1. Pull up the DSSP beta bridges for the chain and report the antiparallel fraction as a percent, rounded to 5.
2. Heavy atoms only, probe 1.4 angstrom, no DNA, RNA or ligands counted: give me E276, E169, E176 ranked by accessible area, highest first.
3. How big is segment 139-296 by Rg and Dmax over its Cα atoms, in Å?
4. Can you pull out the GluC sites (Glu not before Pro) in segment 330-360 whose DSSP state is coil and whose Cβ has at most 12 other Cβ atoms within 10 Å?
5. With a probe of 1.4 Å, find how much accessible area the chain has per residue, and write the answer as a whole number in Å².
6. Give me the angle, in degrees from 0 to 90, between the Cα long axis of helix 186-196 and the longest principal axis of the Cα atoms of the chain, rounded to the nearest 10.
7. Can you give the helix-only mean residue ellipticity at 222 nm for the chain, where every DSSP H stretch with n ≥ 4 adds -39500 (n - 2.57) and the sum goes over all residues, rounded to the nearest 500 deg cm²/dmol?
8. Evaluate the relative contact order of the chain (contact order divided by residue number), counting alpha-carbon pairs under 8 angstrom at least 6 apart; express in whole percent.
Amino acid sequence: MSRPRIDALLMMQEGMETVTRESIQALQLKKLNALLGREKARGGFYRELPERLESLDELAFLPFTTEEELAANAPGLLLCSQGDIQRVLSDATSGTTGAAKRVFYTEGDCARTVELFMAGLGELILPGSVTFIGFPFSGPYGLGDLIARAVENLGARPLKPGPSLSYGELGRLLAEERPDTFVGMPVQLLSLLRVCGRGSLLRALVSGDACPEAVLQGCEALLGSRLFPHYGSREMALGGAICCPAHEGMHLRENHVIAEIVDEAGRPLPPGETGELVITTIGMEAMPLIRYRTGDYTRILPGPCPCGSEVLRLDRVRRKEGTEMAALDEALFSLPFVADYRAERRDGRLRLSVLTCGEGELPDLDAEIRRRPVRPEDGPLYTGKRKVVEL
Ligand SMILES: [Zn+2]
């Protein structure tokens, strides 16, 4: 059997000879201690933490870094000079402080993310093929651009429509360019398949938002192949965990990220139990974070992967505040005639606007429901993470 791509990636990036739990943890401890030592020496944001740990188990005794702290202290968290910054991603809506959360990357951070994307995309992209990229193209080193670089490095051609085309435009693009691979958000894919048909598409990688079971099953049935779900966030330089041919969880880039799962009180949970994902980004050059609470909920799958890799795997990931949307997604997308819907709440009353691509009865939900057939000029009702919009 060939070597799992995630193992090959760690060997290439770190010069490791074997990728086992022991060798991964030894590397993580070494990188974590190097980070702690640098922070102590420069009097950085984490200067109050110990200068070194004897084992990774001691990490659980260090304090968390919260989203609010990240928003308030971004320049203090920066480990490189401003001149080395290749890209800044900011999010004006995050946190309760009103400050924008900003995450910085160096060229090296971006390059290692492209290598991770190549390992993930290499499972489903063939040289000479055409890949549809539905993520936003927000300029150099944005998510769409990094994926396009990985696709080109694999010898394939990226199409860059982004997330905002209408179904009419999408249908024409699919017919003219005949992509065989889709890379984008889960519901974006399901809507495209239901409204425009599968066309030339054979395989898909989904990321950028939770993938509800009904959406996963709907996509796989229409595509006729298993989906490749991925996970990433800004704090992990946009790439976090990739799917392997076993399709049993997503392998985390453990040479750059130490993952912990904690309960509501912040206590560590063992593999197999679901809680909040906490990350220590030992491999990020510009802005490493220690015990950052992601607000994402998942579990670590116990044991080695059927693909042969011992690199840790995350199960499906969901935002905590997405719980209500998740229930609506399961109820609505399990119906094959639902193309897309938007959920809004005004004065405490839930309102659903549903676009349909066929006949059928909607479930009895405690909401005001409006429905109409989808038109060619309609586009996606969300271009980012899906949630109930409070008006
Ligand atoms: Zn695997």
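1. Here the share of antiparallel DSSP bridges comes out near 60 percent.
2. E176, E169, E276
3. 17.3, 53
4. Numbers: sites: E330, E344, E359; in loops: E359.
For GluC sites (Glu not before Pro) across segment 330-360 that sit outside H, G, I, E and B with at most 12 neighbouring Cβ atoms in 10 Å, the list reads E359.
5. I get 43 Å² per residue for the chain.
6. 20
7. It comes out at -9000 deg cm²/dmol, rounded to the nearest 500.
8. Over the chain, the number comes to 15 percent.
The values are calculated or read from the model by the stated rules, or taken from the named source; none is laboratory data. Quantities reported herein were computed from a predicted structural model and do not represent experimental measurements. Cβ: placed from backbone, ideal geometry, glycine included. Neighbour counts: every protein chain shown. The protein model used for the area step is the full one, side chains on, heavy atoms only, and it has no ligands, DNA or RNA in it. Shrake-Rupley method; radii C 1.70, N 1.55, O 1.52, S 1.80 Å.
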